[in-house]
Number of protein chains: 2
Amino acid sequence: MNYLEKLKFSADSFGSIVCMGMDPVLEDIPLDRGPAGQRIFDFYAAILERMHKEKVYPAAVKPNYAFYAQYGFEGLDALYRLVRIYHAAGFPVILDVKRGDIGKTAEAYARESFEFFDADAVTLSPYMGLDSISPFMKNYPDRGYYILNKTSNKSSGDIQDVDAGGEPLFLHVSKKIVEWHRPGLGAVVGATYPAQLDAVSRIFVDSGKEVPLLIPGVGTQGGDVADVVKVLALGGDVRLHRINSSSAINFAYKKYPGMNFAEAAVMAIGELNDVIEKCISHETNK
Amino acid sequence: MNYLEKLKFSADSFGSIVCMGMDPVLEDIPLDRGPAGQRIFDFYAAILERMHKEKVYPAAVKPNYAFYAQYGFEGLDALYRLVRIYHAAGFPVILDVKRGDIGKTAEAYARESFEFFDADAVTLSPYMGLDSISPFMKNYPDRGYYILNKTSNKSSGDIQDVDAGGEPLFLHVSKKIVEWHRPGLGAVVGATYPAQLDAVSRIFVDSGKEVPLLIPGVGTQGGDVADVVKVLALGGDVRLHRINSSSAINFAYKKYPGMNFAEAAVMAIGELNDVIEKCISHETNK
C-alpha cells in the first residue's frame, strides 16, 4: 500500500479524517509516577486503549518531534515506542519534523524518519528547494511528504505572504508542489487562514493531481471546521486529507472536569469527527 | 560572555575563523571497532586530541544533527558527548538543526538545543516567520541563532531566488534579519554563490548591526575562499564570521594517502586557516 492508499484505507476503517497531534507537555500530563519518558508513553498509550474501548478513532496521528526532543533521550525513546504502538494499531503516523537541508543531509534525515522511527510520512520545509525534498521521495517512494505551504501561525506571512510576481509566495510554493509532484507529496495548510487555504486547494484541484492536505489550526488555534470542509468539498477524494487537532484533544480533560484524561481525549476526537461529518453532509446536500 | 564575544574570543585564541563541520558518515570513518556511536565519538575525539598536539585549531565546530540522528539513539548519544568535549575545549558549538516551527514548538526546540545539548548556537529556517525564531532569542539571549538566508545547495533558488517585488526573496530575508536583529542573530549564506553573498553582506554592513555570517560551501561544494574573504573585508569585525568546511576536513585522509585520519583532518584545518589568512592580508594590503 502506498501512502495515498493508506490515507484512504484508514479514513474508511476509522470513519474519520481527523489527525490527532501528539504534543506532550509534561506539566499538562496528569500522571505522577515514573520518569518523563514513561509518563509520556503511558499517557498516549492510555488514550489508544480508550479509543479501542469506545471504538472512536482519528485516522492518523502526528507526533511533533520538538515536544519529545525537549526531554532529551527519554523523550525520543517515548516517541520511538509510541510510533510503534500507533503504527501497529493501523494509524498512519505523520512525524512532524519540518526537516529541510541539502541533499546528502536530507538523505540522512529521511533515514532517521523512515528507517529508525518507521514513520509513514514527514513534514518538510521548502525553503532550500527541491534537492532538500527529493531524497525523501526518491529513496522511500511509498511514504508521505507534506511540504509547509501556508502555515497556521501568526507570523507565517513574514515570508509566505511576500509578493512574488503578483501572487503571494505561498502560492508559488503550491505551484512548486504541483511541479515536484509524486504520489505521497502533500501540503501543510493552516485552517487559520481559510481564504489562503481555499486558494492553495484550487491550485491542487485544478492540477488534477492528488495532493493530500494536512490542515492544522482547528481547536486551540481557532480555525473553523466548516471553512475547512467547504474547501475540501472543492473536488477530489476527501479521504486524502487530514484535519489536525493537538492540544484540544490531548488535554481535553481540562474542558471536562471530573473526566479521566483518556476518556476526555477520545470524547474530543469523537466530537471533532461528528462536526466534520455534519459539515460534509451539509456541503454534499447543498 | 554573549555569543558575539565568544566568536571574537575564540577567533583570537585559536587564530582562525574556520568552522569545522562534523558530519559523520560511518562508511567513511576508518575505525573498525565498536558500535556506530562509539566509532563516531572516537573519530572526532581523536581529531580534537590531534588539534592540541599540533596547536592547530578551527574557531568553531558545527555538528549537523541529521548525520547523528540517522544512527538513532546511539548517534545522538555521540552528538551529546561530542558537544560536551568540544565545548570544554573552548570551541563555540553551532548545532546545525535548521529548526522552524510555531511558537510553543519553537520553545521546545530551543530547550532541546540549548539545555539538553548545551549548544552555543543553532541554525533556523525563516519560512514560518518571526514567531518561529523569537523563542530562541527571548528565552536564551546569550546564544547564537543563524537564519538560513541564501543556502549553498543547487536548488536553493527554487524559493530563495523568487522575484519578491524587484529583489530576490533571499534579500527580503536579509532585511527581515536586520529588522528582527538582536545580538547573536546571524545568517547562513553559501560560498557557492559569491555575488549573492556580497549582496547579503552589504545589507548587513549598511545596517550598522553586527550580523555574524556562517558560510558553508567551500571545500567539497566548490566555493572559493578568496571570494568569501573579499566579502568579509567589506566592513565590520571579521572575527564574527565563520567559514565552514565539513567533509573536506573530516575525511581529508582520502586526499593524503598513508596519513592517519586525525593528522590529515588537522592538516586540512591548518591549510584552510593559512589560505584564509593569506586572502585576508591580500585584502588588507590592497
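The values are calculated or read from the model by the stated rules, or taken from the named source; none is laboratory data. Quick caveat: nothing in here was measured; it's all calculated off a predicted structure. Cβ atoms come from the backbone with ideal geometry, glycine included; neighbour counts cover every protein chain shown.
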Study note, to complete from the structure: Counting only residues that are surrounded by fewer than 24 Cβ atoms within 10 Å (Cβ to Cβ), at negative phi and not in a loop (DSSP other than H, G, I, E, B), region A:48-74 contains a total of 9
Review point. Got at least one residue in region B:78-85 being without any contact (Cβ under 8 Å) to a residue 12 or more places away in the chain, among the hydrophobic types (A, V, I, L, M, F, W, C) and part of a helix (DSSP H, G or I)?
Key: no
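Here are some residues: A:Ala78, A:Ala69, A:Ala89. Which one is more than 20 Å from B:Tyr80 (Cβ to Cβ) and of a type outside the set (Phe, Trp, Tyr)?
Numbers: A:Ala78 fails: more than 20 Å from B:Tyr80 (Cβ to Cβ); A:Ala69 fails: more than 20 Å from B:Tyr80 (Cβ to Cβ).
None of the others qualify; the one that does is A:Ala89.
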Practice item. Can you confirm whether region A:195-207 contains a residue that is assigned to a loop (DSSP other than H, G, I, E, B), closer than 25 Å to A:Glu277 by Cα and in contact with a Phe, Trp or Tyr (Cβ under 9 Å, 6 or more places away or on another chain)? Key: no
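Looking at region B:210-264, which of the residues that are in a strand (DSSP E or B) and among the aliphatic types (A, V, I, L, M) is farthest from the chain's Cα centre (by Cα)?
Let us first name the residues in region B:210-264 that are in a strand (DSSP E or B), namely B:213-215, B:218, B:223, B:242-245.
Of the ones still in play, those that are also among the aliphatic types (A, V, I, L, M) are B:213-215, B:218, B:243.
On the way: B:Leu213: 9, B:Leu214: 5, B:Ile215: 7, B:Val218: 12, B:Ile243: 7 Å.
Of everything passing the filter in region B:210-264, B:Val218 is farthest from the chain's Cα centre (by Cα).
Among A:Gly72, A:Gly103, which is the only one that is closer than 17 Å to A:Gly37 by Cβ, out of contact with any strand residue (DSSP E or B) (no Cβ under 9 Å at 6 or more places or on another chain) and without any contact (Cβ under 8 Å) to a residue 60 or more places away in the chain? Give the derivation first.
Working: A:Gly103 fails: closer than 17 Å to A:Gly37 by Cβ.
Checking each option against the conditions leaves just A:Gly72.
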Check your understanding: Got a number for residues in region A:147-178 being more than 9 Å from chain B (Cβ to nearest Cβ) and either in a helix (DSSP H, G or I) or within 21 Å of A:Lys230 (Cβ to Cβ) (or both)?
Key -> 9
**Study point:** Check on B:Val228, β-branched (Val, Ile, Thr), surrounded by 21 or more Cβ atoms within 10 Å (Cβ to Cβ) and modelled with pLDDT under 95
**Key:** no
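A quick yes/no check of all residues on (1) in a helix (DSSP H, G or I); (2) within 9 Å of chain A (Cβ to nearest Cβ); (3) surrounded by fewer than 24 Cβ atoms within 10 Å (Cβ to Cβ); (4) in contact with a strand residue (DSSP E or B) (Cβ under 8 Å, 6 or more places away or on another chain):
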site	(1), (2), (3), (4)
B:Glu107	yes, yes, yes, no
B:Phe114	yes, no, yes, yes
B:Pro126	no, yes, no, yes
B:Phe136	yes, no, no, yes
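Just checking, does region A:179-188 include any residue being at pLDDT below 95 and on the phi > 0 side of the Ramachandran plot?
Taking region A:179-188 first, the residues at pLDDT below 95 are none.
No, that holds for no residue.
Could you list, in sequence order, the residues of region A:32-47 that are part of a helix (DSSP H, G or I) and without any contact (Cβ under 8 Å) to a residue 24 or more places away in the chain? I'd like the intermediate steps shown before the answer.
Residues of region A:32-47 part of a helix (DSSP H, G or I): A:36-47.
Answer for region A:32-47, where residues must be part of a helix (DSSP H, G or I) and without any contact (Cβ under 8 Å) to a residue 24 or more places away in the chain: A:Arg39, A:Asp42.
Would you mind finding the one in A:Val225, A:Val266, A:Val229, A:Val218 that is under 21 Å from A:Leu124 (Cα atoms) and either among the β-branched types (Val, Ile, Thr) or in contact with a helix residue (DSSP H, G or I) (Cβ under 6 Å, 6 or more places away or on another chain) (or both)?
Values: A:Val225 fails: under 21 Å from A:Leu124 (Cα atoms); A:Val266 fails: under 21 Å from A:Leu124 (Cα atoms); A:Val229 fails: under 21 Å from A:Leu124 (Cα atoms).
Within the list A:Val225, A:Val266, A:Val229, A:Val218, the selection yields A:Val218.
Yes or no, residue by residue, for (1) modelled with pLDDT of 95 or more; (2) within 14 Å of chain B (Cβ to nearest Cβ); (3) in contact with a Lys or Arg (Cβ under 7 Å, 6 or more places away or on another chain); (4) closer than 30 Å to B:Val162 by Cβ:
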{"site": "A:Gly15", "(1), (2), (3), (4)": "yes, no, no, no"}
{"site": "A:Phe43", "(1), (2), (3), (4)": "yes, no, no, no"}
{"site": "A:Lys55", "(1), (2), (3), (4)": "yes, no, no, no"}
{"site": "A:Ala60", "(1), (2), (3), (4)": "yes, no, yes, no"}
{"site": "A:Tyr80", "(1), (2), (3), (4)": "yes, yes, no, no"}
{"site": "A:Asp96", "(1), (2), (3), (4)": "yes, yes, yes, yes"}
